[in-house]
Each structure stands twice: as structure tokens, then as C-alpha cells.
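First the structure, in the form of C-alpha cells, and then the observations on it.
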Amino acid sequence: MTFDVTIPVLNEAPTLERQVLILHGFLRKNFPQPGQWRIVIADNGSTDDTFAIAERLHAQHADIVPIRVPRRGVGLALKTSWGQSQADMVGYMDLDLATDLPHFLEAYNAIVEERYDIVYGTRLHPKSKVIGRTLKREITSRVFNFLLKTYLGVRFSDGMCGFKWLRREVYPPLHAAGAVSDGWFFSTELLTIAEWKGLKIKELPVKWTDDVTSSRVKIGPLAKQYLKAMQVLKGKKLLDC
């Protein structure tokens, strides 16, 4: 099975090369077949040397592919990458590689061998191990996921984890059904609509090391954005009913 690993980036010049090469080495070791995979660096509006570094990496490694996204937004970066992908499996992880890379092998096997449609990492499973996360971020995550369960009626445990994988063939219908956000909520929309549609979803407990120093997430504005997005998503469900 071929696959694309998308990494959304924004002004990541200081760490981009190091982190991407770590991922590249891991994939090359575990998936040595030429042409089986690509790392897609989706640059959504960087103003530093991020894209130039991505182009240099591409010149050195053909399986590292930089793409420009017309404006900022993690969701837009993923939609742009997945919309032009020809791979059998697509997904994404954060540049900080917060989720331990061996979990990718579990996700890959879940889709290839166990025939799951979507696999998502969760930091809130009893078997998950979370390192370095502040109390504020932990409480925020749990409150957000509680709201998802009570307001949208979903069962998945962690809608915000930046580690999700899916059969590419299921992406277009999910997008058409409402997974359209340009922002962070896009990955939550994917899980929500997939669950509503009865797709086969696997929850994957992960070891997660939180890199608080590199996070640009502003919890207040993000919370307002999510609450509004949840209202829109619930409205779409009611209309479909």
C-alpha cells in the first residue's frame, strides 16, 4: 500500500530539516520499497526560509515533496495535500514528532491488515503515555473532548491529537459531508463525520511528548473557533436528518 505523510508547517526553518530527516530515515528503514511513500511538506504561508529548505530537501530526496498552500490553516494544508494525492493511504503528523514514530507502524497495519478506514492517535486512553504536558493544556483537551461527546454525541476520545490516518478513498465523501474547515477543527470534523457515517475507526493509544516551547496554539481564540465549528457541524447533521 502506498502512502503520503503530510506535515503542515508554518515558519519552521530552525527545525524543519532535522525533523523531516528523522522521519525520512524511519520510513526508509521500515518501508525500503522505492516509490511506496512520500513525505509531503505543506507550507501554509511561511515568511521565513521554510519553503526554501523544503525545496532543498526535495532536491536531495525525491520522496520529500514540498507544496505551497494559498493561505494559512492546518485544515487547508491537509485538504490541499490529500486532494492531489494518488496514494492509497493519507494522513498527517506534527513536525515536532510528538507521537512516537513506531506508532505509525501500528496505524499502517491497522489500515492494511485490519482493514480500518481511519486510525487516530489518542492521548486520553488509559494506556497512553503523555510526557511534558502542562496542566492547562491537559484540562483544555479534556474539556474540549467532553464537549464533543455531549454536544455532538461522538464516542472517540481525542479529537485534537495530531496523528490521523485514513484510506484516501474515504476522504472525498467525508469532505463532501462537511469535513471542510481550513483550521485545526478539520481533523475533528473527519472523525466526527466518519463516526456518524459508520466507518470503521481504530483508536490508537500513543506515547506523546508535548513540545510546549514550540506550540503556537492560543487556547482562548482556539476554543471560540472550536465552539463555533461544533455548532456548524451539528447544524449540518440536523439538516441531513
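The values are calculated or read from the model by the stated rules, or taken from the named source; none is laboratory data. None of the values given here were measured: they were computed from a predicted structure. We place every Cβ from the backbone using ideal geometry, glycine too, and count neighbours over all the protein chains shown.
Key figures
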read-out: ASP117, sole failed condition from (1) touching a residue at least 40 places away in the same chain (Cβ under 8 Å); (2) buried (at least 18 other Cβ atoms within 10 Å of the Cβ); (3) in contact with a Leu (Cβ under 8 Å, 6 or more places away or on another chain); (4) closer than 30 Å to PHE51 by Cβ; value: (4)
read-out: Selection within the range 42-87 - part of a loop (DSSP other than H, G, I, E, B) and polar (S, T, N, Q); value: ASN44, SER46, THR47, GLN84, SER85, GLN86
read-out: Helices (runs of 4 or more DSSP H) wholly inside the range 131-241 containing at least 1 residues that are of a type in the set (D, E, K, R) and at pLDDT below 80; value: 135-147, 219-240
read-out: Breaking point among (1) of a type in the set (A, V, I, L, M, F, W, C); (2) over 21 Å from PHE186 (Cβ atoms); (3) loosely packed, with under 14 Cβ neighbours inside 10 Å, for VAL130; value: (3)
read-out: Number of the exception - TRP165 against (1) in contact (Cβ under 8 Å) with a residue 60 or more places away in the chain; (2) more than 19 Å from the chain's Cα centre (by Cα); value: (2)
read-out: Members of the range 63-94 found to be within 16 Å of PHE26 (Cα to Cα) and surrounded by fewer than 21 Cβ atoms within 10 Å (Cβ to Cβ), listed by number; value: ASP63, ASP94
read-out: Test: residue in the range 22-38 that is buried (at least 16 other Cβ atoms within 10 Å of the Cβ) and assigned to a strand (DSSP E or B); value: yes
read-out: Sole residue being modelled with pLDDT of 95 or more, over 17 Å from the mean Cα position of the chain (by Cα) and not hydroxyl-bearing (Ser, Thr, Tyr), chosen from GLN33, GLN19; value: GLN33
read-out: In the range 1-15, the residues that are β-branched (Val, Ile, Thr) and part of a strand (DSSP E or B); value: VAL5, THR6, ILE7, VAL9
